[in-house]
Every structure is written in C-alpha cells, then in structure tokens.
Amino acid sequence: MLIKLRKHTIFSQILIAGISPAIVIFISLFTYSLISRLNDASANQREIAIRIAENIAASSELAIISGNDTQLIEIMRSAINKDITAITVVNLLTKNKVYLKSNHRSHQSFELITVPVFQSRVDISDSFTGDIDTSIKSPKEIGTVTIEQSKDQLEKLQKRIVIVSSSIGALSIFLCILLAWLISRRISKPLAEINTFTKNISLGNLGSRLKVKGEGELGELQNHINEMTMNLEAQQAELTSRLQQLQLAKTLADEANNAKSLFLATMTHELRTPMNGALGMLQLLSTTELNQEQSNYIEIAKSSSEHLLNIVNNILDFSKIEKGDLKLDSHLYSPTTLFDMHLTPLIYEAKNKGVELNYSVSSKLRSVNVYGDDTRVRQIVLNLASNAVKFTHSGNIDIRLDSEEINAKELLLTLSVKDTGIGIDESDQLIVFDSFRQADGSRKRRYGGSGLGLAIVKRLCSLMHAELKMDSKLGEGTQFTIKWKCRYEAVQAIDETTPQENVLAGKTVLIVEDNPVNQMLVANTVKRWNMIAITANNGQECLIELQKQHVDIVLMDLQMPTMDGYEASIKIRQHAKYAAIPIIALTANSIQEDKDRCFSVGMNDFLSKPVSLNVLKEKISYWLSS
C-alpha cells in the first residue's frame, strides 16, 4: 500500500508514533530468532556428521583389528553421500590409512570431523567363582575416522531459513503498518476534522458544527469545541449588533457634525454680513467731524463689535481645528502693520482700566516682510493681548516681537506678552489650555469669555510648529512666550512721491453685492478715495455691467441670488476681454474651502467680512498698480 503522507500532519505523527516502537521490537526479535535458527541448523548438521563418524568407527573395529581393508572400504562406501564427500580411516595398529572420496563434484567448503576407533572390552568371569577378571585394561584406541562434511546443504538450509523468515517478517511488518494505518486514521480523522473546523472558525465561519463520534476524551473535545463555537457565534452576533449600532451612531454623529459645520458656516456668514456694515459705517463715521464724546462712543462701539467678531472667529476656528480642517496659509505680510492695526484699539481699552499697554517690534522686522498666515498670527496676538487686558487691573502690559537671524532666508521670531495681572495658580496652569476652561470656573461670571482663547492659541502654535511657554505666579502676573521660524524678504522701496490716492483716483470699481447696506458701505468708501463706483446685485447683473462700460477692478460677493460669485467669475474669465481685470472676493465666508474655490475659479484675492477699510484700500491699490 502506497501512502502519501504530509509532514507534521496529525495522521502521520500518530502513524509514526505507532509504527516506530513496533518496528524496533520486531527487528530486534526477528534478528535474534534468525540468528538462533541459523545457529541451530549449523549445530544440527554437525551433530549428524558426528553420528555418522561414530557409526563408521563402530563398524570398522573388526576390519581394523583384522586388517581387512576391503571390508573397511565397503563400510566407508556405504556412508558416502552428498553431505559426506570423503572418509579417511587410519589404522593405528598397522599405521595404514584408507581414504575414500565421493564421486560428486568437488566442494569448495567443508568441515573435518574426526572420531577415535576403540577396541571393545570383553568382560571375562571366573568359571568357578564367577568374579570378573579386572586385570584387563580399559578400551584401547586402535584407529581414527575422519570425514569431510560439505557445507552446501547447510548454506542452502540457512538460505531457505533466511528467505522464509524474511517473508514472514515482511508480511508481519505489512500487517503491522496496515493495522497502525487503520488505527491512526481512526484516531486522526476526528482530529483532522477538528483542525479544519477550527481553521474555519478562525476565518469567521461559525455556522457549522462538528459531528460527535464516539465517547471518551475525543468526544468530549468535540462537544467542547461545538459549545465554544456557539458562544463565539453568539458573541459575534452581539458584536455585529454593537458595531451596527456604533456605525449608526457614527453616521448620526457625522451628520450632526456636518449640520453643525453647516450651521456655523451659515451663522458666521449671517453674522459677518451685518457686522461688516456696522463696523464699516463706524469706520466711515470716525472719519467725519466729531466731538470728543462722539469719538469715544464710536471707539467703544468699534471695540465691542471687534470683540464680538473675535468671539465668532474663535468659535468657528475651534470647530475647524477639532475637525482637522484648519490649514495654514503662507504669504508675505508685515509684522509691523499687523501690530499697529490690531493692538492700537487695545491700548484705548487698557487705558480706560488704568493699565498701560506698550508694544514694540524689533527694528529688523520693520524693514522686512515675513512668510506665514497673518490671520492666525493676528489671532494668537489678539487672544493673548485681550486676555492680558481682561485679567490686568493695574500696572502694565508689555508686548514684544523680537527676531533673530538664522540665515539669509530665515528668522526666529519671539512673541512675548507679559502682564502684571491676577496670575494663574500653579495647580490651574495645566487646564488653562483646555477648551471651554478657565483657571477658576467662578471667574467666568466675573470676567466672561468663552474659554477658547488659550486653547486656540495652543493648537495654532502646534500647527505653526511653534514653541509655547507660560510663566505665571498667582497675584504677580503672567508671561507667554512663543517662538517660531519663518522665511522673510526685504521690503521693496516704495516711491513715496506718488500718493496712494493717485493710484485709485478715477478708477472704476464694480461692486457685486446683494446686501444693500454692505453695497452702500463699499460704494461710499471707494468714492471717498476718488474712485467711480458701479453696483450690481448678483452675478448676472455683473456681466451686464461689464458689457456696458469699462471696469478696472471687481469686488465680488460669493453668496448671491440668480448667479453667485463663483459662476460669475468663471464666465468673466471665459472672455479674453475681461481676463486681466482683477477680481477680489469680498465675502462673509471665511473657511479655507471657500478661499481655495475662489482662487480655482479665477479670482485674484480674498477678503473676509468684516474687513478693515485700510486693508481694502491696500488690496485695491496693490492690484491696480500691479
């Protein structure tokens, strides 16, 4: 039987374990038995030869004594056969030797066997007394008989013994292997089924069950595996149910998160639109003739509006950071302009509290522009400065922006905001950067605030790969230090002999805006710069106005009825006649996706409402002079 065995299978291991001891024992017993039988055959053949020699010696006694060689030869001839190939009789009395050889073919191997010939003793008794005469000596050796015994028959017998024994041994081994194979298969088959079954379990197929065959440990093992499979199937069903519930919960959470994002984007747009009108009107109003009291009221209104805008920005930006959607932009900006524009209003607020706020920018930064996201840097500066003003009741606030040249293209900027305010207890310093947390919950009622300022600062610093450090002592004050690297370029020399107004004077600006307040605000603003203002309520009217008259620059809102700003920009860029007209997005949208989309449809710049009129003037001047 040919059996193809795979290595390391249960069947092969059981079979080898069953056969190996049996074969070892069988070989040992077979070898011992074969050697014993061969030795017995050899001893038996020798015994026969000795008996023949003794018979010849007994029969040759009279012939030797009488010296009758003829009779001696006849006795020798009668003993010659295939095994006895030659006989030699030596007469010790006459020293005569008689040799007789068989006529059969000569044999190469033989064995010599010699026995003595004795003269028989005859006991003689006294006729009168009946006593045996003891004067006669013991039997006398009168000759020797030597026979040559051939080993051919012995070798044939031994060969026959080997063949028969080997045949019996081979049959025994075959039967042993067959029996071991049957037993191994009977034992290994259920184990192989268990192995296949457990593989299916590992692949997640839990629907089948093992057929329990027999009793004993193997049957118990099959029962236990079936019970384990049932438990796993129940757990898998429960896990699947839980996963479905989690998936449903995740889907609902994603939908809620998307709804929240949409709500925040919509609310931001809705809040920024009226705030743009309010702040813009306040900026316009501040340029008119006002008395001191009116100027104070306007400054308070502007400060309150900017504070509200900062809260709106913080909430929106925090939502972006939580989702991982906030991405930093990188463009050139002036750190000096950023400080002057956004810290000046805080000086007035600090002064009303009796606190002196001082800020300074290193002389190196006054002659360079740096690369980075000025919106996020402004957010960091305003959050830290606003907190310093909020929590400082006396003393001073020092804000510094220093620079250290790393190489010809890189600077290390260090922002330091130090105050003499209430400070932060050491035990509370670990939580001030958490979202919606302040050092003391009770202070929310005293100082207000959303608790997002420092959390946003920390996460923006992480995005900028900036090092943020805080040193604070309760009752003495707090200092925040931020260090980050950025590339820089020297500021190009500007011909100051030509006033900026001359760049704008007489230029035509098309204002595409659906909100009448914002439309009026921007129109009145650009008219103060000696520009010609044309208005359109949507993108379709914008295209009509472009066909009617020459336009130097377009200020485009995004969300408008009939045709939005995106579609209008695409149609403008499709006409070669209008391809060179700068388009600046002027919108309440502030998310990065809207900004990227604006550039993708062909707009040149992006301004988020409410926008500073000075910034708007700089942008228009830049694109008209390019």
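Every number in this text was worked out from the coordinates using simple rules, so none of it is lab data. All of these numbers come straight from a predicted model, not from anything done at the bench. Backbone-built Cβ (ideal geometry, glycine too); neighbour counts: all protein chains shown.
Find the percent of Cα-Cα distances in region 528-626 that exceed 23 Å, and round it to a whole number. Present the calculation step by step, with values, prior to reporting the outcome.
Details: 927 of 4851 pairs.
Within region 528-626, distances greater than 23 Å cover 19 percent of Cα pairs.
Identify all lysines with a Cα-Cα distance to Lys199 below 21 Å; exclude those on the same chain that are fewer than 8 residues away in sequence.
By straight Cα distance, Lys199 reaches Lys7, Lys189, Lys211, Lys213.
Using a cut-off of 15 Å between beta-carbons, work out the net charge of the residues near Lys577 (Lys and Arg +1, Asp and Glu -1, Lys577 not included).
So the environment of Lys577 carries a net charge of +1.
Going down the list Lys327/Lys469; Lys260/Lys617; Lys260/Lys351; Lys250/Lys327; Lys418/Lys527; Lys548/Lys619, which pairs span over 31 Å between their C-alpha atoms? Can you show the working numbers first?
Values: Lys327/Lys469 23 Å; Lys260/Lys617 35 Å; Lys260/Lys351 39 Å; Lys250/Lys327 25 Å; Lys418/Lys527 42 Å; Lys548/Lys619 25 Å.
From Lys327/Lys469; Lys260/Lys617; Lys260/Lys351; Lys250/Lys327; Lys418/Lys527; Lys548/Lys619, over 31 Å: Lys260/Lys617; Lys260/Lys351; Lys418/Lys527.
Under a straight-distance cross-link criterion of Cα-Cα below 30 Å, which lysines are reachable from Lys140, leaving out those fewer than 8 residues away in the same chain?
Counting by Cα, and skipping residues close in sequence, Lys140 has these lysines nearby: Lys95, Lys97, Lys101.
Quick one: what are the phi-derived ³J(HN,Hα) couplings along region 195-210, Karplus 6.51/-1.76/1.60 with θ = phi - 60°, whole Hz, x for glycine and proline?
4, 4, 5, 5, 5, 4, 5, 5, 8, x, 8, 10, x, 8, 9, 6
Which order do the peptides 36-49, 506-519, 77-90 take when ranked by the mean count of other beta-carbon atoms within 10 Å per residue, highest first? All intermediate terms of the calculation are to be shown ahead of the outcome.
Working: 36-49: 14.1, 506-519: 19.8, 77-90: 17.6.
With the highest mean Cβ count within 10 Å placed first, the list reads 506-519, 77-90, 36-49.
Whole-Hz ³J(HN,Hα) for each residue in region 565-582, computed from phi via Karplus 6.51 cos²θ - 1.76 cosθ + 1.60 with θ = phi - 60°, x for glycine and proline: what do you get?
Couplings: x, 5, 5, 4, 5, 4, 5, 5, 6, 6, 9, 4, 5, 9, 5, 8, 6, x Hz.
Going by average Cβ density within 10 Å per residue, which order do the peptides 191-202, 374-385, 547-558 take, highest to lowest? Don't jump to the answer; show the numbers that get you there.
On the way: 191-202: 13.9, 374-385: 20.9, 547-558: 18.9.
Highest to lowest by the protection proxy: 374-385, 547-558, 191-202.
Under a Cβ-Cβ cut-off of 12 Å, what is the net charge of the residues other than Ser330 that fall near it, where Lys and Arg count +1 and Asp and Glu count -1? Please list the in-between numbers first.
Working: positive: Lys327, Arg376, Arg487; negative: Asp329, Asp373, Asp374.
That works out to 0.
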